[in-house]
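Before any comments, here is the structure.
The values are calculated or read from the model by the stated rules, or taken from the named source; none is laboratory data. Quantities reported herein were computed from a predicted structural model and do not represent experimental measurements. Reconstructed Cβ throughout: ideal geometry from the backbone, glycine too, with neighbour counts over all protein chains shown.
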Amino acid sequence: MKYDFDVAVIGAGSGGLTVAFGLAAAGKTVALIEKGKMGGDCTNYGCIPSKALIDIAKSGKYKSLKDALVEVRARRKIIQDEETVDKIEGHGVTVFESRAFFHHEHCIILEDCKSKEISAEYIVIATGSSAMKLNIDGVDKKDILTNKTIFEQQDEIKKLVIIGGGYIGCELAESISAVGTEVSIIQRNTDLIPAEEAESSQLIKKIFKKKGIAVYTDFTGKKSKNKSLHIVSGDEKTSHDIQYDKILFALGRKPNVIGIGLNQIGIKHDKKGIFVDAYNRTNIKHIFAIGDCVNGNPQFTHWVNNEGRGVVRNILFPYYKSGVRNKTLPSVLYTHQEIARVGKTKNELLEYNSPEDIVTKMQAFENNDRSKVTNSTQGFIMIHFKRLTGRILGATIYGENAGEMIGQITLAMDNKISAYKFSNVIQAYPTKSDLLKRVNTDFVISTLTNGKEEMKYFFKNNILQILTGIIWIAIITGFFWYKISTDQSFEEIALSFYNFVAGNPIGILIFIIAYTLRPIILFPASLMTLMAGALFGFGIGLAVTLAGAGLSATTAYVIGLIFGKKILSPDDSGILGKLQTETSKNPFTSVLMTRILFLPYDLTNYICGFLKVPYVKYILATLVGIIPGSSVFVLAGSAFYNKELTSFSQAFENVNSMYIYIAAGVFLLTLIVAKVIRKYQK
């Protein structure tokens, strides 16, 4: 089919421009559709004006928000002038200034261009997000501001109430306060920045109060009268009335997914955004989505730019796709003392780890020579390590220019550089980066000088692995002892065992017991299931497999229940989080889907135990869900079934190929069903 364009991009924000410029540079014909200002929120209402205001506030040049905003708009215009329609089209991109609406999977209606239609082979949705608002009784709409309107203010604002902490609220609170406005910030959470470490919230709250910013955590705005906002604490025992000229909402953002025709063509989404796969594809594979409009996405410009580059690569090289959604993501809160973080916070880590599994080391800026001589001793570096291994799991840097330092930690995490290697890196002196080396060195020294306790931890933490090793050593030792004492060959012993298990009723019991213990000795379930067919034939083989698999699922469930935090690593948090969400809604269906969709069997069992999924629903879903996959392997094994073997060559000479053909057919049918179910789920 002939299309008007190779690619159509909906949204000319940072992510949309990244995709459009990248594909146009590679020779693709690109249509870029934008209903608002070129550059999107980042250029016009977000990163650019907010960082300009922060810099202006630091300079101390202005004591009036009205005057400061004049310079903010002037600085913003420098960037806006680089993202005009003419400049964008100079990169080989065709720009349409219009709202976009999907007509069908390859066709978009341009509603502001006399309903003109354009078609494209690929479509990329980069519609971004919008500020959320809160209805408070008595607040006049003209007194409400968001990040989209604050920078356009022409009148002086003497008193400003900011509702919402987090990144936007804290950055604007500090910079607006610094240019002469009386600022109060209201946060319903007990922490001012809930997504960050508690230590960061405590320190920034203390600094804000010193700067004259009134901070109310665990408070909610209830009503307003005569420009006086009545706020009440979470326990409803305390209240305050705060005078204001304007109220700025900094409550987070919602994805722009309404009004573009997603339902028209069946793109899966909800109020939290569009669902995508590892390659940023929607359930319609030639339509991609990136940035704030994607369900569960971090709302950072550098994240959408990274996704945009990934989409460019995957469109240009569709047979060599690679995902970017599992990358390590740094973030920076640009207050005067910046808060830079990468990886997980302590509380997040404790969801999947025991407290003894995590080692946290800190160094204060006041211990650093560069900080002392530059009078910037306020701040700290905190790094969370996996005990013993020294793997970096998360880090927070609080202080001036923290954002310039977090890159080293990000690189280390991306490349799995442990504290042992990091501590050997030479850092220039005198720099604040030397603190990074010292924190890693602290971990190494404390680990090496605490050998006795670390050895105890190692044995306690690896009890399952040690038990598995002991069992295998016992099995191998017993085998060789039996071989020597009977003077039999490997084949003779194997044939004797085969004929004993296959031809003796007690053999079925032995097989089921072995299958039950399989999760402990880490013997592959697929190989065990093949053996069931070879030993017992299809009918009995399938029966003993279902019995053994059900019992082994119970074994793994119990292991997960007891040792979950020991055997689940941070890398498992993706599937763990997904299962936690799904099983809380519908345990039976969720577990059933993991079986049909071929998710890792034992890992899923461990996680279900760890999450305490209702056992009866878990085991019933398992027994039903494993029938197709078990049938395939038992059928394949049955091709080698003999009532009595005299040699292994006999098994291969008497192969019943019909079973292999049936197994292949069932396998293909199972794959098709799994693919249909997976597509339906998305």
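If only one of T345, T335 is more than 20 Å from G13 (Cβ to Cβ), under 14 Å from the mean Cα position of the chain (by Cα) and at pLDDT 90 or above, which one is it?
T345
Scan segment 401-430 for residues that are crowded, with 19+ Cβ neighbours inside 10 Å, of a type outside the set (G, A, S) and more than 21 Å from the chain's Cα centre (by Cα) and jot them down.
M405, F422
Tell me, please, whether a residue that is surrounded by 16 or more Cβ atoms within 10 Å (Cβ to Cβ), at pLDDT 95 or above and over 23 Å from the mean Cα position of the chain (by Cα) can be found in segment 383-397.
no
For segment 459-512, which positions are out of contact with any helix residue (DSSP H, G or I) (no Cβ under 9 Å at 6 or more places or on another chain), small (G, A, S) and exposed (fewer than 11 other Cβ atoms within 10 Å of the Cβ)?
Once the filter is applied, which keeps residues that are out of contact with any helix residue (DSSP H, G or I) (no Cβ under 9 Å at 6 or more places or on another chain), small (G, A, S) and exposed (fewer than 11 other Cβ atoms within 10 Å of the Cβ), segment 459-512 yields A474, G478, S485.
Would you mind stating whether L435 is within 30 Å of K421 (Cα to Cα), at pLDDT 90 or above and part of a helix (DSSP H, G or I)?
It is true that L435 is within 30 Å of K421 (Cα to Cα), at pLDDT 90 or above and part of a helix (DSSP H, G or I).
Return the pairs, sorted by first residue and then second, in which the second residue is surrounded by 10 or more Cβ atoms within 10 Å (Cβ to Cβ) and of a type in the set (V, I, T), the first residue lies in segment 468-479 and is within 17 Å of I559 (Cα to Cα) and assigned by TED's automatic domain parsing to the domain that holds F523, the beta carbons are less than 9 Å apart, and the residues are 6+ apart or on different chains.
T468/I520; T468/I521; I471/I520; I471/I521
Which members of segment 15-41 meet the condition of being farther than 20 Å from D86 by Cβ and buried (at least 24 other Cβ atoms within 10 Å of the Cβ)?
G15, D41
Can you find even one residue in segment 28-35 that is within 19 Å of Q299 (Cα to Cα), assigned to a loop (DSSP other than H, G, I, E, B) and either touching a residue at least 12 places away in the same chain (Cβ under 8 Å) or in the same structural domain as E307 (by TED's automatic domain parsing) (or both)?
no
Kindly indicate which of I677, I596 is crowded, with 19+ Cβ neighbours inside 10 Å and at pLDDT below 85.
I596
So that you can scan it fast, the table gives a plain yes or no per residue for (1) under 29 Å from D41 (Cβ atoms); (2) surrounded by 13 or more Cβ atoms within 10 Å (Cβ to Cβ); (3) touching a strand residue (DSSP E or B) at 6+ places or on another chain (Cβ under 8 Å):
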| residue | (1), (2), (3) |
| --- | --- |
| E196 | yes, yes, yes |
| E199 | no, yes, yes |
| K205 | yes, yes, yes |
| K209 | no, no, yes |
| T220 | yes, yes, yes |
| V232 | no, yes, yes |
| S239 | no, no, yes |
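For a quick check of your reading of the model, give me the residue pairs whose first member lies in segment 62-90 and is farther than 18 Å from V9 by Cβ and touching a residue at least 60 places away in the same chain (Cβ under 8 Å), whose second is outside any helix (DSSP H, G or I) and of a type in the set (S, T, Y), with beta-carbon atoms closer than 6 Å and at least 6 apart or on different chains.
Between residues of segment 62-90 that are farther than 18 Å from V9 by Cβ and touching a residue at least 60 places away in the same chain (Cβ under 8 Å) and residues that are outside any helix (DSSP H, G or I) and of a type in the set (S, T, Y), the close pairs are L65/T181; A68/Y62.
Please verify whether D86 is assigned to a helix (DSSP H, G or I), among the acidic types (D, E) and out of contact with any Phe, Trp or Tyr (no Cβ under 6 Å at 6 or more places or on another chain), treating the condition exactly as stated.
Considered against the rule, which asks whether it is assigned to a helix (DSSP H, G or I), among the acidic types (D, E) and out of contact with any Phe, Trp or Tyr (no Cβ under 6 Å at 6 or more places or on another chain), D86 comes out as yes.
Any idea which residue in segment 140-159 is nearest to the chain's Cα centre (by Cα), counting only those that are surrounded by 14 or more Cβ atoms within 10 Å (Cβ to Cβ) and farther than 12 Å from K246 by Cβ?
Residue satisfying both the conditions and the ranking: N147.
Suppose the filter is part of a helix (DSSP H, G or I), at pLDDT below 85, assigned by TED's automatic domain parsing to the domain that holds R518 and farther than 29 Å from D270 by Cβ; does S590 pass it?
It is false that S590 is part of a helix (DSSP H, G or I), at pLDDT below 85, assigned by TED's automatic domain parsing to the domain that holds R518 and farther than 29 Å from D270 by Cβ.
Give me the pairs: first residue in segment 665-676 and small (G, A, S), second residue part of a helix (DSSP H, G or I), beta-carbon distance under 8 Å, and six or more apart or on different chains, which are they?
So the pair list comes out as A674/I596.
Criterion first (without any contact (Cβ under 8 Å) to a residue 12 or more places away in the chain, farther than 30 Å from A514 by Cα and among the small types (G, A, S)) does G451 satisfy it?
Spelling it out, G451 is indeed without any contact (Cβ under 8 Å) to a residue 12 or more places away in the chain, farther than 30 Å from A514 by Cα and among the small types (G, A, S).
Is one or more of the residues making up segment 126-139 crowded, with 21+ Cβ neighbours inside 10 Å and over 30 Å from L229 (Cβ atoms)?
Yes; the residues of segment 126-139 include at least one that is crowded, with 21+ Cβ neighbours inside 10 Å and over 30 Å from L229 (Cβ atoms).
Does K612 satisfy the condition of being among the charged types (D, E, K, R), modelled with pLDDT of 85 or more, crowded, with 16+ Cβ neighbours inside 10 Å and in the same structural domain as F490 (by TED's automatic domain parsing)?
no
Hey, can you tell me all the residues within segment 287-297 that are farther than 16 Å from G16 by Cα and either at pLDDT 90 or above or of a type in the set (D, E) (or both)?
Once the filter is applied, which keeps residues that are farther than 16 Å from G16 by Cα and either at pLDDT 90 or above or of a type in the set (D, E) (or both), segment 287-297 yields only N295.
Would you point out which residue out of E117, E97, E111, E121 is surrounded by fewer than 21 Cβ atoms within 10 Å (Cβ to Cβ) and modelled with pLDDT of 95 or more?
Criteria check complete, one pass: E121.
Might you check whether a residue that is crowded, with 16+ Cβ neighbours inside 10 Å, out of contact with any Phe, Trp or Tyr (no Cβ under 7 Å at 6 or more places or on another chain), in a helix (DSSP H, G or I) and not hydrophobic (A, V, I, L, M, F, W, C) occurs anywhere in segment 646-656?
no
Which residue, of R281, R313, R370, R309, is more than 14 Å from the chain's Cα centre (by Cα) and closer than 23 Å to K437 by Cα?
R370
Residues in segment 254-268: is at least one surrounded by 14 or more Cβ atoms within 10 Å (Cβ to Cβ), at pLDDT below 95 and under 16 Å from G164 (Cα atoms)?
Yes.
From I397, I417, which residue is assigned by TED's automatic domain parsing to the domain that holds T335, without any contact (Cβ under 8 Å) to a residue 60 or more places away in the chain and in a strand (DSSP E or B)?
The conditions single out I397.
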